[in-house]
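The values are calculated or read from the model by the stated rules, or taken from the named source; none is laboratory data. Computed from a predicted model, the values in this text were never measured in an experiment. Positions of Cβ are generated from backbone atoms using ideal geometry, with glycine treated the same way; all protein chains shown enter the neighbour counts.
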Amino acid sequence: MKEPMARGRQTDADERTPIRDRWSARPSGDGDEALAGALLRSAAAVPPFPAKNLAEVAARLRSRERHLPRTWAWQIAVAFGLLLFGGALYAAVLHILRGPSLRALPAVVPVSMPASAPVRRPHSVVAPPPAPVLSPEPEPSSIVRAEETRAPRLAFRGATQESVATKVSLEPPPALPPSPSALAQESRLLAGALHKLRQERDPGQALAMLDEHRARFGANGALEPEANVTRIEALLRLGRHDQALGLLDGLALTTAGVGREMLVARAELRAEKGRRAAALNDFNLLLSADAPPDVVSERALYGRATCRAQMGDGAGARADLEQYLARFPTGRFAAQARAAIGK
Amino acid sequence: MTLVRSDATPVIESRSGVPDLEALYRAHAPTVARWAAKLAGPLADVDDLVHEIFLVVRRRLPEFRGDAQVTTWLYRITERVAQESRRRDRFRRWFSRARHLEIERTMAPPHLTPVDEFERRQSSETVYRILDRLPGKYRNVLILFELEELSGEEIATLTGLKLATVWVHLHRARARFIAEMKRDSGRRT
């Protein structure tokens, strides 16, 4: 009994030993600690926070407005978007599930009540509505859903005891097992692939799920465009640039939404493969539209400068680099741009 | 480099005896920004973090009595705000902004992006992926020691921990970091 306690005290004493050498200060090597040091060293090299940004934050603070920071605004926007998306999804699912019965409803209504007069549920009704009322001759395709949806509606609308008595003796149609819609299956597969890719950082597995998606739903799947974008991201994570470029080449990309990111990626990959003219077209497209001063524009501008320089258009490259420095003075390529034009 | 040293900057007090926000911001904002960036990780928007931190500072400034060093007080606020930010980021990864950042990081090929910058980003993502699996108390001490290059004594001052506790946390953080790093590389191969 004493021995484990003594060992515990020894461990505690070891753990209190001061550490003076940093892994991040060690030279590169093969051991675990050297590897950890190399990783930590690269993560430690964070560029200083630009003075311009500090001044902007100071101005925001000075304004004394009780405005929400941008992150909160962003969160609220996401929550609102989620709410809308959830509502839309719910409505879509309802539409898919209830579609046949709603279409069949006019054929059913006359059986239990006159269609001309709107019937309201009487306030005096205490007992729950009677058993479900079914149409004598339901359409075969809508049998199951009609059972689920029509009857409660009719009962709710105040079907009389007599009408129930006449209908209830009818044999219910044989129940068929409900099958999940193709869209739901596609969504599940795609969500799984995204989870593998983003959460588990496993692009190989994500790709396998996307392959399964393609095998099951082909190129006509409702979510094929989303699957394609996810596939491109997975391929890039795997370093399979050729395949990613192959897919990107087949896309008709615009400068809207995620298309911009795809477009700049395609341009860079094309440039990487020496297809500079094609790359230049993409960069031009990105920069000709009313390009916002974001990271895509930044990459496009620097990428175009590189392409132009490689194609011998020194003046064009210089103009792009000067424009780059004017628009993104603290950008990630600012040092290279300054060095290139000798500023 | 260290915040502890920057604490030597005098904090100008207003007439009411409360430290002046402007002076506090001028003296400490760059350090707070650096801490925020390192504690919150590469997905964080540092502008917003600094803004949030100093909104908290402004709100709580009248309560600051000088019992702790200004830097210790600021660090604790930064730590809490950064922790909140990391929680948000987990959620955010699923949505467009994270998608945008991740695609941007993933796609930039090395010949256009400087190789070192590309590798730095990749390594930084790996480091924070591993760090995020460590308990907060180990994670932050390791960040302060390895990334912020503070000494044990400085970390103790900043976090309010006993020096012995700092060393214990650091030993355990290192062991966990190595274990998680091996697990991470095992998963990738």
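Values computed for the structure shown
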item: Tally of residues being touching a residue at least 60 places away in the same chain (Cβ under 8 Å), of a type in the set (S, T, N, Q) and in a helix (DSSP H, G or I) across segment B:38-78; result: 2
item: Any chance B:Asp89 is modelled with pLDDT under 85, touching a Gly at 6+ places or on another chain (Cβ under 8 Å) and within 24 Å of B:Pro135 (Cα to Cα); result: yes
item: Single match in A:Ala234, A:Ala278, A:Ala219 (criterion: surrounded by 23 or more Cβ atoms within 10 Å (Cβ to Cβ), in a helix (DSSP H, G or I) and either among the aliphatic types (A, V, I, L, M) or not assigned by TED's automatic domain parsing to the domain that holds A:Ala334 (or both)); result: A:Ala234
item: Yes/no for A:Arg201 being of a type outside the set (A, V, I, L, M, F, W, C) and outside any helix (DSSP H, G or I); result: yes
item: Unique match (being at pLDDT below 85 and closer than 30 Å to A:Ile19 by Cβ) among A:Arg62, A:Arg41, A:Arg70, A:Arg66; result: A:Arg41
item: Segment A:292-325, residues that are farther than 21 Å from A:Ala339 by Cα and buried (at least 17 other Cβ atoms within 10 Å of the Cβ); result: A:Val296
item: Hey, A:Ala256 over 17 Å from A:Asp320 (Cβ atoms), in a helix (DSSP H, G or I) and more than 12 Å from chain B (Cβ to nearest Cβ) or not; result: no
item: Segment B:134-149, subset outside any helix (DSSP H, G or I) and modelled with pLDDT of 90 or more, residue farthest from A:Trp23 (Cα to Cα); result: B:Pro135
